[in-house]
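The values are calculated or read from the model by the stated rules, or taken from the named source; none is laboratory data. Please read these numbers as outputs of a predicted model, since none were measured by experiment. Cβ sites come from the backbone with ideal geometry, for glycine too, and all protein chains shown count toward neighbours.
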Amino acid sequence: MLEPVSDADLDAPRGGSFGSLRATLVHMLGAERIWGSRLVGKGQPMPQPDVFPARAAVISAWRESTAVLRAYLDQLPEGEITGEIQYANLKGQVGSSRLYEIFLQLFAHHAYHRGQIVYMLREMGQPVQGTDFIAFCRQAG
């Protein structure tokens, strides 16, 4: 979806929660990386958009982050999705969440911002593929 978007278009003011396409993407990526690191007992700060100066860097980092989450799920024993982890949030406060809550949080968070990204891409005149989850499931088949 990002392939036809130039680096300049990533940073153009677009509104939304974070002001640009790059900032929105990095926010989503950051949330995914933070939760991924929490799942393995580590902490990580929210990255800033300038850490990913080119579109290719964002795409590469996202593929890596997704691979971490998939690897975690692949090693998880069946039925353990109801397990719980403890972690420190970005303010250093310790809390706990069930694994399924974490993955639902990521899904809902990404769905919200994905809508903003689709709007930004359409405003740029970029073609946008379907965004329905069920369509994705059918393609992944």
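Residue count for the stretch 64-105 satisfying the condition of being surrounded by fewer than 10 Cβ atoms within 10 Å (Cβ to Cβ) and basic (Lys, Arg): 1. Condition first: in a loop (DSSP other than H, G, I, E, B) and not β-branched (Val, Ile, Thr). Can you find one or more residues in the stretch 56-63 that meet it? Scanning the stretch 56-63, I find no residue that is in a loop (DSSP other than H, G, I, E, B) and not β-branched (Val, Ile, Thr), so the answer is no. Residues in the stretch 52-82 that are of a type outside the set (S, T, N, Q) and farther than 29 Å from VAL5 by Cα: ALA71, TYR72, LEU73, ASP74, LEU76, PRO77, GLU78, GLY79, GLU80, ILE81. Listed by first and then second residue, the pairs linking a residue in the stretch 36-59 that is under 13 Å from LEU21 (Cα atoms) to a residue that is of a type outside the set (A, V, I, L, M, F, W, C) and loosely packed, with under 12 Cβ neighbours inside 10 Å, with Cβ atoms under 8 Å apart and 6 or more places separating them unless they lie on different chains, are ARG55/SER6. Within the option set ILE102, ILE85, being in a helix (DSSP H, G or I), touching a Leu at 6+ places or on another chain (Cβ under 8 Å), more than 22 Å from ASP11 (Cα to Cα) and among the hydrophobic types (A, V, I, L, M, F, W, C) holds for one residue only, ILE102.
Looking only at the stretch 11-18, decide whether some residue is aromatic (Phe, Trp, Tyr), within 24 Å of VAL128 (Cβ to Cβ) and either at pLDDT below 90 or surrounded by fewer than 16 Cβ atoms within 10 Å (Cβ to Cβ) (or both).
no
Only one entry in GLY115, GLY141 is of a type outside the set (Lys, Arg), at pLDDT below 90 and surrounded by fewer than 16 Cβ atoms within 10 Å (Cβ to Cβ), namely GLY141.
When the stretch 118-134 is filtered for residues that are assigned to a helix (DSSP H, G or I) and either over 19 Å from the mean Cα position of the chain (by Cα) or surrounded by 12 or more Cβ atoms within 10 Å (Cβ to Cβ) (or both), the ones remaining, listed by number, are VAL118, TYR119, MET120, LEU121, ARG122, GLU123.
Applying the criterion of being assigned to a helix (DSSP H, G or I) and more than 14 Å from the chain's Cα centre (by Cα) to the residues of the stretch 1-33, the residue that is nearest to ALA56 (Cα to Cα) is ASP7. Give just the number: which of (1) within 21 Å of ALA23 (Cα to Cα); (2) modelled with pLDDT of 95 or more does ILE85 not satisfy? All conditions are met except number (1).
Looking at the stretch 26-43, is at least one residue among the hydroxyl-bearing types (Ser, Thr, Tyr), in contact with a helix residue (DSSP H, G or I) (Cβ under 9 Å, 6 or more places away or on another chain) and surrounded by 13 or more Cβ atoms within 10 Å (Cβ to Cβ)? Steps first, answer last, please.
Looking only at the stretch 26-43, we keep the residues that are among the hydroxyl-bearing types (Ser, Thr, Tyr), and these are 37.
Retained after the next criterion (residues that are in contact with a helix residue (DSSP H, G or I) (Cβ under 9 Å, 6 or more places away or on another chain)): 37.
Okay, now just the ones that are also surrounded by 13 or more Cβ atoms within 10 Å (Cβ to Cβ), so 37.
Within the stretch 26-43, one or more residues are among the hydroxyl-bearing types (Ser, Thr, Tyr), in contact with a helix residue (DSSP H, G or I) (Cβ under 9 Å, 6 or more places away or on another chain) and surrounded by 13 or more Cβ atoms within 10 Å (Cβ to Cβ).
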